[in-house]
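For reference, the structure is listed below as structure tokens.
Values in this text are rule-based calculations from the coordinates and carry no lab data. Owing to the predicted nature of the structure, the values given are computational and were not obtained by experimental measurement. Note that we place each Cβ from the backbone using ideal geometry, even for glycine, and neighbour counts take in every protein chain shown.
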Amino acid sequence: MNTAFEIAVFEGDGIGPEITAPTVDLLRQLAARSPDYELNFHSVPAGAAHYAKTGESLPSDSLAVARDADAILLSAMGLPDIRYDDGTEIAPQIELRKRFGLFAGVRPVRVLPGGITPLKLPEGQGIDFVLIRESTEGLFHTQGTGEVTKDEARETMLITRDVSEKLFRFAFDLAAQRKKQGRGKGRVTCVDKANVFRAFAFFREIFDAEAARHPDLSADHAYVDAMALWMVQKPWEFDVLVTENMFGDILSDLGAGLMGGLGLAPSADIGLDNAVFQPCHGSAPDIAGQGKANPYAMILSAAMMLEWLGTRNGVEAMRADGERLARAVDVQIASDTMLTVDLGGTARTDEAASAVGAALFDGA
């Protein structure tokens, strides 16, 4: 039975359109070859450039299309020289997180044995863990509304039981899924600063209550400063890490660094009813239109979208296509001839994306 899925597409700013077009093309080709699902794409405006033209960063019509979609594919957003009147960044992706309650920011960190990484890994050793960042509250709670006077500034961190319970439930479910797939150890680590902040002691207490419901999985804790150290010293030991919004924002960039850079870092922000899939990197307006943009993080985010939709809706072919798409990117990352400029190579955006398509479809 063919199942149709509606995908809202935000092409973004800067290099956003350049990496979105080939990604959507790959998704169209995968769907066209499958008798089990189809994908219908709906391009909707948002972002800094749109704000500069219209005074709106996320139009209500775009929000409505995104809300009704089965998934949201969002490219790089924001431009450094276009900001709100208060000086804050134009980031519709953060507004989507808050509007749709996308509490689970999923940031995979994966390096195949022998793959690109600034670390000197033991021979035959790879990295495969997932950082889950709470994405709706924490220290981002007062984004754009913090108190600023002549002599001081204040921001408020918010951690609620409702969101934390959903976050930890998601983390343990993901750990169970990874263990079943043979990808993880069934271990969840709560990353906090409970030795200093009462809010994080509260956070940890809720984590421990959820951990008690999963005797088949292991659970432990780590302070965020220690985790930053261990992610460099022994990243292969971890499975699922779960943390507050700001800590997750910082550690996810460290995770991207372990993989060789933001150009290889996909992400998802997932709630109970909606999900956004986007690359972790910015819009890089300095190279926009030059064919130098790395499309791999965008393509890997699309692969995450297929896996999520397939798992959520019981469409195994779709989930499998997501895995195939990610493997096709792995082939290019392992190739000296298909590294983009940010990875030390010379491959252009279209060449890298075409090579992914060749790995997917040649001989298929």
Query raised in the report: Based solely on its DSSP helices, what 222 nm [θ] is calculated for the chain when runs of n ≥ 4 H residues each add -39,500 (n - 2.57) and the sum is averaged over all residues, nearest 500 deg cm²/dmol?
Result: -13000 deg cm²/dmol
Query raised in the report: At q = 0.12, 0.19, 0.22, 0.25 Å⁻¹, what log₁₀ I(q)/I(0) does a Debye calculation on the Cα points of the range 1-97 give, no solvent, two decimals?
Result: -0.42, -0.88, -1.09, -1.28
Query raised in the report: Among 148-161, 198-211, how do they line up from the highest to the lowest mean number of other beta-carbon atoms within 10 Å?
Result: 198-211, 148-161
Report task. Starting from the Cα-Cα distance between Ala334 and Ala209, subtract it from 0.36 nm times their residue separation and give me the gain in nm to one decimal. Result -> 40.8 nm
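Dipole of the range 202-264, Cα-centred, from +1 at each Lys and Arg C-beta and -1 at each Asp and Glu C-beta, to the nearest 20 debye?
Values: 3 positive and 11 negative charges, 29 e Å.
Computed charge dipole of the range 202-264: roughly 140 debye.
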Requested in this report: Along Cα→Cβ, 7 Å out, is where each label goes; now give me the distance between the ones at Thr156 and Ser43 in nm to one decimal.
Outcome: 4.2 nm
Query raised in the report: What share of the DSSP beta bridges in the chain is antiparallel, in percent to the nearest 5?
Result: 45 percent
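With +1 on each Lys and Arg Cβ and -1 on each Asp and Glu Cβ, and nothing else charged, work out how big the dipole of the range 1-136 is about its Cα centre, in Debye to the nearest 20.
Working: 12 positive and 19 negative charges, 78 e Å.
Dipole magnitude for the range 1-136 comes out near 380 debye.
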Query raised in the report: From the residues Tyr223, Ala153, Thr88, which one has its Cα farthest along the dipole of the chain in the positive direction, the dipole being from +1 and -1 charges on Cβ of Lys/Arg and Asp/Glu about the Cα centre?
Result: Tyr223
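Cα convex hull of the range 245-313: how many Å³ per residue?
Details: hull volume 7.7 nm³, N = 69.
So the per-residue hull volume is 111 Å³.
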Query raised in the report: Using 0.36 nm per residue, how much length does the chain from Glu165 to Ala358 gain when fully extended, once their Cα-Cα distance is taken away?
Result: 65.2 nm
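Taking the Cα centre of the range 181-327 as origin, sum charge times position over the Cβ atoms of Lys and Arg (+1) and Asp and Glu (-1), and report the length of that vector in debye to the nearest 20. Show your work: numbers first, answer last.
Values: 13 positive and 19 negative charges, 63 e Å.
In debye, rounded to 20, the range 181-327 gives about 300.
Using Cα pairs under 8 angstrom and six or more residues apart, how large is the relative contact order of the chain, in percent?
Values: 740 pairs, mean separation 71.2, N = 364.
Answer for the chain is 20 percent.
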**Report entry** Estimated inter-spin distance, Ala4 and Lys53, nm [label 7 Å along Cα→Cβ]
**Finding:** 2.8 nm
Query - Simple label model, 7 Å out from Cα along Cβ direction - Arg33 to Asp85, nm - result: 5.2 nm
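Near Thr349, within a Cβ-to-Cβ distance under 10 Å, what is the net charge of the other residues, with Lys and Arg +1 and Asp and Glu -1? Spell out each step's value before the answer.
Values: positive: Lys292, Arg348; negative: Glu18, Asp350, Glu351.
For residues surrounding Thr349, the net value is -1.
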Query raised in the report: Put +1 on the Cβ of every Lys and Arg and -1 on every Asp and Glu Cβ in the chain; which of Ala256, Phe172, Leu131 then has its Cα farthest towards the positive end of the dipole?
Result: Phe172
Query raised in the report: Cα centroids of the range 340-360 and the range 130-148: how far apart, whole angstrom?
Result: 35 Å
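Seen from all sides and averaged, what is the projected area of the convex hull of the Cα atoms in the range 94-159, in nm²? Don't skip to the end; give the middle numbers.
Numbers: hull surface 28.9 nm².
Answer in nm², one decimal: 7.2.
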Report task. Calculate the length of the line joining the C-alpha centroid of the range 243-283 to that of the range 46-112, in whole Å. Result -> 14 Å
Report task. Give the distance, in whole Å, between the Cα centre of the range 19-44 and the Cα centre of the range 151-190. Result -> 31 Å
Report summary line: Stokes-Einstein, Kirkwood over Cα pairs, the chain, 25 °C, 0.890 mPa s; D in µm²/s equals 117 µm²/s
Requested in this report: Give the percent of DSSP beta bridges with both residues in the range 3-145 that are antiparallel, rounded to the nearest 5.
Outcome: 50 percent
